[in-house]
Amino acid sequence: MLEPCVFTIFGSTGHLSRTKLLPSLYHLEAEGRLPEGIVIVCVGRRPWNNETWRKEVNRWLEERIGARLDNQRLSQFLEKIHYFLGDIESPETFVKLKEFLETSQGFSDNHVFYLSLPPAEYKMVAHQLAVNDLNQEEAGWRRLVIEKPFGYDLEDAQTLDYSLRKDFGEHQLFRIDHYLGKETVQNVFVFRFANLMMEPLWNRNYIDHVQITHSEMAGIEDRAEFYDGAGALRDMIQSHLLQLLTLVAMEPPPNLDAESIRDEKVKVLKSIRPIPKSAVHAHAFRAQYGRGRNGDRNIPGYLDEAGIPKHSTTETYAALKLYIDNWRWRNVPIYLRTGKRMAGSHSFISIRFKHPPQQLFRETQIEEIPPNWLLLGIQPEQCIRAEMQVREPGIGMRTRTTQLDASTCYLPENGHQLDAYEALLLDVIEGDHSQFLRSDEVHWAWSVVDPILKVWAVERDFIHTYPAGSWGPLESNRLFEKESQAWRNTLASE
Ligand code: BG6
């Protein structure tokens, strides 16, 4: 049974809290998964009280969840929510917060502090919590949750980590990468380690290369300031895509303990061949979307977006070629790619197998047999598919590609698809670290991209462009090791 706790959200009026945290907590409450006696404290600067705040939350949930909102569950949920008025810039706020948390009737001594704030605020808030002993665990547990990006580059991440770990123990820190809460991402782990069939093939002897793609049709929306300072490599690859890579490439852990799983993921990151500055151009490619079209709609280019400096060279597209120098993966290229304003919105992993060693069908009507692919769809389509060749019925020797589908996606009866945050918030309350990043994991992930960031930071006078609504710039094909390799843009048979 879950222990009761007080779940305090800093930055509760912000985008993440409105679109993810509060809806996820509501869904967990509606499904009866939250612990008895949980209290949700929302810290904000706006001059609201419990009543006005609950009305706001009610409105957001109606907007997001609509007809599926259960009125009885909703009122139960709203009663658990309290508004705490305070400016985090003022140390006084933390003194008052401590008093509020310690003297309110029925509040548990177990605490989650969720920093739904710009990363620049993490150190200060964590420190103020510690100054007021809200990190002390004599009476109950204390957990601090932070969101990526964990730092701006390797050095900054180290400073942040050092500072957080002065105030909180590693066992108290929950570093969220919401991709780890996605259903199919967790299924990669199950698919690999609950089935024997693939294991003998899962290595350099049979795999030609791996591609991990995340593409979005959306642009930067209202995040110009954040995005222009971050760029695609920091925003997606350093975190989400490298996490997917660790799951594809890791060795089976000895058991399902958080530490055992994270040890294996760290080994993968540590084994990624470092990219020296002189090899950055051979391993990494960046570009920015220009004006384009989506159907009959004109789409502005990145430089036309509100809030973007006219000469910005921030990348909205980034692609990387990595190698993992271990026995399983040596010399198998792993291509990672992400972009905004692309032709489609998908996340998927495609694994291309090598050709059979003997070209047995070369003399027949089949000139070249396409290779096998294994496709792991993460979103929107959640699927596991293997592409194989079968003989076409009839006279003569012809083949076609068929897909074996092991899709696991189904919509539950209530029509609600589990959101990554629901699973992860529950893990925080349970104290399960297995889907959260450990300090050394963050360090090694930054080490992979840091040399690229350094080179790109000084080469600021030119960036390739691609038309909005396209699959990205053709020039990125230069990353491929062989002519037979090309970006795979769809889960359907090509
Ligand atoms: C976030 C990035 O971490 O992930 C966004 O900051 C990106 O730029 C988002 O759009 C993608 O997440 P999802 O769950 O929508 O695929």
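Annotations for the structure displayed:
- Listing of helices (runs of 4 or more DSSP H) fully contained in segment 220-317 that carry 2 or more residues being within 16 Å of the ligand (Cβ to nearest atom): 224-230, 242-249
- Here Val185 fulfils each of the conditions (1) surrounded by fewer than 18 Cβ atoms within 10 Å (Cβ to Cβ); (2) part of a helix (DSSP H, G or I); (3) within 16 Å of the ligand (Cβ to nearest atom) apart from (1).
- The single condition among (1) assigned to a helix (DSSP H, G or I); (2) more than 27 Å from Asp450 (Cα to Cα) that Ser163 does not meet is (2).
- Restricting attention to segment 86-99, the residues that are out of contact with any Ser or Thr (no Cβ under 9 Å at 6 or more places or on another chain) and either assigned to a strand (DSSP E or B) or surrounded by fewer than 19 Cβ atoms within 10 Å (Cβ to Cβ) (or both) add up to 8.
- Any hit, segment 415-425, residues being away from the ligand (no atom under 16 Å from the Cβ) and surrounded by fewer than 16 Cβ atoms within 10 Å (Cβ to Cβ): yes
- The numbered conditions (1) at pLDDT 95 or above; (2) at positive phi are all true for Gly37 except (1).
Residues are listed down the side, and each one gets a yes or a no for (1) out of contact with any strand residue (DSSP E or B) (no Cβ under 7 Å at 6 or more places or on another chain); (2) assigned to a loop (DSSP other than H, G, I, E, B); (3) among the β-branched types (Val, Ile, Thr); (4) within 16 Å of the ligand (Cβ to nearest atom):
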| residue | (1), (2), (3), (4) |
| --- | --- |
| Asn331 | yes, yes, no, no |
| Leu374 | no, no, no, no |
| Glu381 | yes, yes, no, yes |
| Arg385 | no, no, no, no |
| Gly394 | yes, yes, no, no |
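- Answer residue from segment 140-187, given it is of a type in the set (A, V, I, L, M) and under 14 Å from the mean Cα position of the chain (by Cα) and is farthest from Leu16 (Cα to Cα) among those: Val185
- The C-beta contact set for segment 373-395 (first residue under 30 Å from Glu216 (Cβ atoms) and free of Cβ contacts under 8 Å to residues at least 40 places away in the same chain, second residue assigned to a strand (DSSP E or B) and within 15 Å of the ligand (Cβ to nearest atom), distance under 8 angstrom, 6+ apart or interchain) comprises Pro380/His346.
- Residue satisfying all of: in segment 208-224; hydrophobic (A, V, I, L, M, F, W, C) and buried (at least 21 other Cβ atoms within 10 Å of the Cβ); nearest to Arg341 (Cα to Cα) among these: Ile220
- Restricting Ile65, Ile81, Ile88, Ile146 to those that are touching a helix residue (DSSP H, G or I) at 6+ places or on another chain (Cβ under 7 Å) and within 16 Å of the ligand (Cβ to nearest atom) reduces the list to Ile146.
The values are calculated or read from the model by the stated rules, or taken from the named source; none is laboratory data. Predicted model, so just to flag it, every value in this text is computed and none were measured. Neighbour counts run over all protein chains shown; Cβ positions are idealised from the backbone, glycine included.
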